[in-house]
Amino acid sequence: MRSVAKTLTIIVPALNEEAKIADTINAVLPLAHDLLDDYEVVLVNDGSTDATGSIMERYAADPHVSIIQHEQRRGLGFTFLEVLKRAKFDSIVLIPGDDAYRHDGIARMFRAVGAADLVICHRDNQSDRSFLRSAQSHALRMTLNALFGFGLFDYHGVPIYPVKWVRRIALDAEGYAFQICALISLLQLGLTYVQVPVSLNAELKGSSRALRLRTYVALGNAIVVLLRRVPIRDIDPSLIPANVRRPPAR
C-alpha cells in the first residue's frame with residue numbers, strides 16, 4: 001500500500017514576540033525539513049510594534065518560507081482563514097510564534113501528519129502553567145465534551161486540519177474561537193482523528209489574552225453556532241464520508 005505523503009502548510013503568527021519568534025522558527029524549520037515530505041511555513045506578523053516583523057524577514061531567503069506583514073492586528077481567526085485560502089498542501093496547522101510548545105512535541109506533531117484526517121495535539125502538562133490558564137482549559141474541555149460527546153483531551157491545543165474539508169466549513173468566529181468551531185465541525189462530519197500529546201514550555205507563564213472577557217464571549221457565541229448547525233448545513237451531504245469509523249481516543 002502506498003503511504004500518504006506528509007505535506008503541511010504551517011502558519012506561524014506572532015504579535016510582539018521579538019524575544020521568542022526566532023526560537024519558534026528555528027525549531028519549526030529543521031523539524032519540518034527532516035520529518036515532512038514537503039511543506040511551507042507562512043510567517044505572519046500581526047501588527048507588531050516591536051522587531052517581530054524584521055526578525056521574520058531574516059528568513060525570507062528560505063524557499064519554503066513566505067511572510068505576511070499586517071499593518072494592524074487582525075487576530076488569529078483572520079490569519080488562519082487568510083492562509084487557508086492560499087495553502088499549497090493537504091494539511092494545515094497553526095503553531096503560535098511565542099515558542100509555547102516544546103520542540104519534541106512539534107516533532108511528534110509532524111510525525112503524525114497523515115495518520116488520520118485530523119491530528120489533534122493535546123497539551124499534556126498544562127499544570128505547569130498558571131492556575132487560571134489551567135483551570136480555564138480544563139473547564140472548557142469538560143463543557144465541550146459534555147455538549148458534543150467527543151471525549152477529547154483538549155480542544156485548544158494544536159490541531160492539524162485537512163485543508164479540503166476545513167475550507168468547506170463556514171468559520172465566522174474570531175480570535176481563539178475559530179479553532180474550536182473548525183475542530184468540532186469536522187468531528188461532526190465523522191472524520192477520523194488521532195490524539196497526540198505535546199508539552200508546553202514550563203517557563204511560559206504570566207497573563208494570557210485567553211483570559212479576556214471578549215474571549216469568553218466569542219467562545220460562547222461559537223458554541224451556540226455549533227449547537228444550532230447539527231448536522232452542518234454548509235456542506236453538500238454527498239461529500240460527507242460514508243461509513244467512517246472514528247478511532248477511539250488515545
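When each of G105, G97 is tested for being closer than 17 Å to G157 by Cβ, touching a Ser or Thr at 6+ places or on another chain (Cβ under 9 Å) and outside any helix (DSSP H, G or I), the lone residue that passes is G97. Each residue in region 133-166 was checked for being hydrophobic (A, V, I, L, M, F, W, C), closer than 21 Å to L94 by Cβ and in a helix (DSSP H, G or I), and 5 pass. A count restricted to region 57-81 and to residues that are surrounded by fewer than 16 Cβ atoms within 10 Å (Cβ to Cβ) and assigned to a helix (DSSP H, G or I) stands at 1. Based on what the data block shows, is L189 of a type in the set (A, V, I, L, M, F, W, C), under 27 Å from S91 (Cα atoms) and at pLDDT 65 or above? For L189, the condition - of a type in the set (A, V, I, L, M, F, W, C), under 27 Å from S91 (Cα atoms) and at pLDDT 65 or above - is met. If the condition is being more than 14 Å from V28 (Cβ to Cβ) and not charged (D, E, K, R), then region 93-117 contributes A112, G114, A115, A116.
Just the residues that are modelled with pLDDT under 95 and among the aromatic types (F, W, Y), please, taken from region 97-137. Passing the criteria: Y101, F131.
Restricting region 1-20 to residues that are polar (S, T, N, Q) and open to solvent by 50 Å² or more (accessible area, probe 1.4 Å), the residue that is farthest from D99 (Cα to Cα) is S3. None of D23, D37 is touching a strand residue (DSSP E or B) at 6+ places or on another chain (Cβ under 8 Å), touching a residue at least 24 places away in the same chain (Cβ under 8 Å), open to solvent by 30 Å² or more (accessible area, probe 1.4 Å) and not aliphatic (A, V, I, L, M) except D37. The set of residues from region 47-100 being more than 29 Å from G114 (Cβ to Cβ) and acidic (D, E) comprises D50, E57, E71.
The values are calculated or read from the model by the stated rules, or taken from the named source; none is laboratory data. Bear in mind that the values here come from a model prediction, so they are computed numbers and not experimental data. We place every Cβ from the backbone using ideal geometry, glycine too, and count neighbours over all the protein chains shown. Heavy atoms of the whole protein, side chains included, go into the accessibility calculation; ligands, DNA and RNA do not. Shrake-Rupley method; radii C 1.70, N 1.55, O 1.52, S 1.80 Å.
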